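Only one structure is covered here, and it is reproduced in the block below.
All of the numbers you see were taken from the coordinates with simple rules; none came from a lab. This is a predicted model, so every value here is computed, not measured. All Cβ positions, even for glycine, are placed from backbone atoms using ideal geometry, and neighbour counts span all protein chains on display.
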Amino acid sequence: MSRFSAIINKIRSLYGEGETFIPLHAPVFIGNEKKYLNNCIDSTFVSSVGEYVDEFENKMCEITGAKHAIATMNGTAALHLSLVVCGVQKDDLIVTQALSFVATANAILYTGATPYFIDVDRTNLGMSADSLEEFLKDVSIDNGQPVHQPTGKRVGAIVPMHTFGLVGEIEKIIELANTYNIPVVEDAAESLGSTYREKHSGTFGKVGAFSFNGNKIVTSGGGGILVTDDPEIAKLAKHLSTQAKISHPWEYRHDHMGYNYRCPNINAALACAQLENLSSFVENKRQTAKMYEDFFRTTDVQFISESKECRSNYWLNAVLLPTPADRDLFLEETNGKGVMTRPVWTLLNKLEHLQSAPQGNLENSIFIEQHLVNIPSSVRL
Ligand SMILES: Cc1ncc(COP(=O)(O)O)c(C=O)c1O
C-alpha cells in the first residue's frame, strides 16, 4: 500500500478500473461533430467565412446571455483582441493574477503593456478583491485617467481569470474597477458553463474571452470567442479580427492595423456540435466533482469546491495536499500508476520573460503553487 493508493483506487473506480492510462482531460465527441465537419467540406466553406461561424456566435450569445460574440482562432487571440478593443495601449499597466496560464500574461505583452501581478483568493483561486483594493490604493485619477503612482503608468485594464471553472469575487472586482473607470476583461477561457449568482462567467466585465482548445470542457480543435454587450466594441473586434478590411465587393482596403484572428468555419462547426452537449457535460462533471468532494472529505487531502454563489463547470478538479512534499509524492505515485495528475502552473511572475513585471503580495498564490494538484476530470461516458 502506497501513501495515496486509496485515492488512486477512487480515481480508477470513476474512470475505469481496466484503463491503463487515465488522462487529465480528454475531449468527448458524441454528437453532430462528423456531420457538421462533412457539411463544411461538402460546401467548400472551410475557412473564415461560413454559416457555422455565425451559428457559433449566436449559440454563445444564447448560452452566456451576452448581446454579441466574435469568434476567433483561439482563446489567446480572443484575449489579446479584448484588450485592444478595450483601448489598452503600449506602456499601460494591466492588473492580473500571478496564478494563471501563461496566455493571460502573453496577451497583455502583445499589446506592449506591462502586467502587474496580484494575489488570488485561497478558496476560489480567482483574483483576490482584497489584493485589487490594495493595488488601487496607489491609483489616482490624473487628467481623467487612472494612474498607478509608483510606476507612473496608466492602468489600462483589470484581467481576472476564472481558475479551473470556479468563479470568484467577480462582482467585487467589477465594483472596484468601476470606481476608477478601469475596464475589466474576464479571462473566462476555463469557465464556459460556469455562473456566479446565475449570471454566466465572462459577462460581468466589458469583455469576456473563452477558449475552445482541445483540453477545455468543449473544444473546436482550436478556437476562442469574445463576448460583450457593447455594440461598438463588438463591431471593432470583428473588424480587427478580419485584417481591418473595409467591406467592398472587390477592393482591398484596410483602415487600421488588423489581425488574422477569425475562427475558421471547420473549427466553428466542431464548436457548434460540441456546444449542443455543453449542459450535459457540465452536469456530468458536476456529478464527478460531487463524488470527489464526498470522497476527499474522508482523507487529509482537501478538494476545492465552488462557493455558494458559484455554479462551477468543474472543468479541472483540484486538490490541496497537506505539504509540498506530499504534493511531490502524490504527483509521483499517481503518474507512476498511469493516473495523470498535474501541478498548477508555475507562477507567472517567476517565468523568465515576466520576472521584471511589478507585483504585489503573492502569499496565497505561492501557497497554491506549492500544494495544488489537478486530478482527472474528463466527462465520464
Ligand atoms: C486561463 C487561460 N487563458 C487563456 C488560454 C488560452 O486559450 P487558447 O489555448 O485557446 O489560446 C487558456 C487555455 O489554453 C487558459 O487556460
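Overall form of the range 215-329: prolate. Here a/c, set by the Cα gyration tensor axes a ≥ b ≥ c, is 1.5 or more, and a/b is the larger of a/b and b/c.
Restricting the range 1-82 to GluC sites (Glu not before Pro) that sit in a DSSP loop and have at most 10 other Cβ atoms within 10 Å of their own Cβ leaves E17.
In the chain, the DSSP-assigned H stretches of four residues or longer account for a calculated mean residue ellipticity at 222 nm of -11000 deg cm²/dmol, using -39500 (n - 2.57) per stretch and the full residue count as denominator. For K35, the lysines whose Cα falls under 26 Å of its own Cα, not counting residues fewer than eight places away in the same chain, are K59, K216, K285. Think of the chain as a dipole: +1 on every Lys or Arg Cβ, -1 on every Asp or Glu Cβ, centred on the Cα centre; then among I108, F210, S48, S48 lies furthest on the positive end.
For the range 293-381, the fraction of alpha-carbon pairs lying more than 14 Å apart is 71 percent, rounded to a whole number. Is the range 237-295 best put as rounded, prolate or oblate by its Cα gyration tensor, with a ≥ b ≥ c the root eigenvalues, rounded for a/c under 1.5, and otherwise prolate when a/b is larger than b/c, oblate when not? Prolate, because a/c is 1.5 or more and a/b exceeds b/c. Applying the criteria of a DSSP loop state and at most 16 other Cβ atoms within 10 Å to the trypsin sites (Lys or Arg not before Pro) of the range 1-103 yields R3, K67, K90.
Applying 1/(1 + (r/R0)^6) with r as the Cβ-Cβ distance of L381 and Y180 and R0 = 56 angstrom yields a FRET efficiency of 0.75.
Please work out the FRET efficiency for the pair E62 and M1, using the Cβ-Cβ distance as r and a Förster radius of 51 Å; give the result to the nearest 0.05. Write out the running numbers ahead of the final one.
Working: r = 50 Å, r/R0 = 0.98.
The computed FRET efficiency comes out at 0.55.
Note on K290: lysines with a C-alpha under 18 Å away, same-chain residues under 8 apart excluded, are K10, K308.
Using Cβ contacts closer than 10 Å as the measure, can you line up W250, W345, W315 from fewest to most? Numbers along the way, then the final one.
Numbers: W250 4, W345 18, W315 27.
Ordered by Cβ neighbours within 10 Å, fewest first: W250, W345, W315.
Extension gain for S280 to S13 (0.36 nm times residue separation, less C-alpha to C-alpha distance): 94.0 nm.
In nm², what is the average projected area of the convex hull enclosing the Cα atoms of the chain? Mind dumping the intermediate values first?
Numbers: hull surface 78.6 nm².
That works out to 19.6 nm².
Rank the residues C263, C61 as a footprinting-exposure proxy: fewest other Cβ atoms within 10 Å of their Cβ go first. Walk me through the intermediate numbers first.
Values: C263 29, C61 15.
Starting with the residue having the fewest Cβ neighbours, the order is C61, C263.
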